[in-house]
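Accompanying notes for the structure given below.
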Amino acid sequence: MMLFKPLFQNKDRMNFLKFSSQTALINAITGRIANLLTDAVKKRGQASLAVSGGTTPVPMFAALSRVDLEWGKVVVSLVDERWVPVSERDSNENLVRTHLLQNKAAAASFIGMKTAAATPSAGEKECAERLKHIAMPYDVMVLGMGSDGHTASLFPGAEKLPAAVDMASGRICTAIAPAAATHERMTLTLPAILNSREIIVHISGAEKQKVYEQAISEGPPEEMPIRYILRQAKIPVTVFWAPR
């Protein structure tokens, strides 16, 4: 049974949904994503899904991979990527191929960010060209949130953060080097993230609930870049949370 309690609403565009268990959360978030993708296919003949890496979405990926929908008309892509070979465990592409692009979802198309370039800066142009093959806006954008308030690879303190969140940049992706994390990255820019029909933020555990509560309080968005998502008034955002 999917029990949740709306904790926070703002101008009908954002909800915080608190679930009683991971099972309830996975059922709900998987159902929401599947409904959005199915609706997109019915209306436009295709659908796009951008997902994040990390350990949190793995059970959701596994559940979503078994959902019966027209996966052959769905394009899956990434929100960000570590600049490592896709064969490595730290690769988000590897994660998605291992846990999401399986079972029924194996029929989906996939567009990755990692190129053969030695650095993400050198790979920016090719990555952007790849991403331009995705019909925009994204139908579903699934984000995570770090304990420092980062989302995608928009990290506080990153030298290129101002450029990455510049709404007038015209850029879909950018290389970025987190100040306190391993690996250089490629990330969708803020304007690309907000070029979505719906944004889902998937988090778990008491620590992340505290980070969320801090993020919706006052403070500069560059200190907690998830604030750029939570404070914008354009795209509906739903935060899914459950205890670990």
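When the accessible area of the chain is split by element with a 1.4 Å probe, what percent falls to carbon and sulfur?
51 percent
How large is the translational diffusion coefficient of the range 176-244 in µm² per second when you combine the Kirkwood radius over alpha carbon pairs with Stokes-Einstein at 4 °C and 1.567 mPa s?
The Stokes-Einstein estimate is 96 µm²/s.
Using the rule -39500 (n - 2.57) for each DSSP H run of four or more residues, divided by the residues of the chain, the 222 nm mean residue ellipticity is -8500 deg cm²/dmol. For residue 15, the residues 5 or more places off, or on other chains, whose built amide H falls under 5 Å of its own are 237, 238, 239. Counting lysine pairs in the range 81-188 whose alpha carbons fall under 21 angstrom apart, excluding pairs fewer than 8 residues apart on the same chain, gives 4.
Remark: relative contact order (the chain) = 22 percent; criterion is Cα-Cα distance under 8 angstrom and separation of 6 or more residues.
So with the 1.4 Å probe, I'd like the accessible area per residue for the range 24-85, rounded to whole Å².
36 Å²
With all protein chains kept in place, the per residue accessible area of the range 182-237 amounts to 40 square angstrom at a probe of 1.4 angstrom.
Checking understanding here: applying a Kyte-Doolittle mean of at least 1.6 and a length along the axis of at least 30 Å (C-alpha), which whole DSSP H helices in the chain pass?
Working: long enough: 22-44 (32 Å, 0.13).
Result, helices passing both filters: zero.
How large is log10 I(q)/I(0) at q = 0.07, 0.17 Å⁻¹ when the Debye formula is applied to the Cα atoms of the chain, each weighted equally and without solvent? Per q value, in the given order, log10 I(q)/I(0) is -0.20, -1.38. In terms of accessible area, using a 1.4 Å probe and ignoring ligands and nucleic acids, 150, 202, 183 rank largest first as 183, 150, 202.
Can you tell me the order of 22-30, 207-215, 221-229 when each peptide is scored by its average per-residue count of other Cβ atoms within 10 angstrom, highest first?
Final packing ranking: 221-229, 22-30, 207-215.
In whole angstrom, how far apart do the alpha carbon centroids of the range 157-213 and the range 116-143 sit? Each part's Cα centre sits 14 Å from the other's. Per residue, the range 98-143 exposes an accessible area of 45 Å² to a 1.4 Å probe, with every protein chain left in place.
The values are calculated or read from the model by the stated rules, or taken from the named source; none is laboratory data. On a predicted model such as this, the values are computed, not experimentally measured, just so you know. Note that each Cβ is placed from the backbone with ideal geometry, even for glycine, and that neighbours are counted across all protein chains shown. Note: accessible area is taken over every heavy atom of the protein model, side chains too, but ligands, DNA and RNA are not part of it. Shrake-Rupley method; radii C 1.70, N 1.55, O 1.52, S 1.80 Å.
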